[in-house]
Amino acid sequence: MVRGAIENVVRNAVRHTADGTTVDILLERRDLDRRPTIAIQVRDHGPGVPEKAVPSLFVPFCRVATGHADNHSGTGLGLAITRRVLEVHGGTATAGNAEGGGFVVSLELPLHIPGSLDQPQADTRPTTEEHGNAITAA
């Protein structure tokens, strides 16, 4: 789910960045409040979003007109699903217009370090492989 959420953000950025520009992806570890996190920022160099529309971007089925030719290809669910997936995993998802133009989506997830005291217990439920199904759980 997390991989799909990140992929959705990157695909959106690729779709909306201006021709001949790149999508910038920054990954960094943050050690704030003794709880390490991983922060991912994805920035495009497209037209951005009208400022008044930014708060509604994570609302299901919300689609914002940006003037981009491929603007109407989505359902308005991608960012809503992304935020929910991050929240379920103890993280956050925010977005806004980037300084100097473009748009940036910021994702932050807790970093679980093996052997740390806050490490969750291992999931001991049987995988689909142990049930004899053809699909193996990842």
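Tabulated data for the structure shown
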read-out	value
Measure of compaction for the range 1-106 (Cα Rg per 2.2 N^0.38 Å)	1.06
Summed residue charge, Cβ within 12 Å of THR21's Cβ, Lys/Arg positive, Asp/Glu negative	-2
Estimated FRET transfer efficiency when R0 is 25 angstrom, pair THR92-THR21 (beta carbons, to 0.05)	0.40
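Values quoted throughout were computed directly from the atomic coordinates according to the rules given, and no laboratory measurement underlies them. This structure is a prediction, so every number in the text was calculated from the model and none was measured. Using ideal geometry, Cβ is built from the backbone for each residue, glycine included, and neighbour counts are taken over all protein chains shown.
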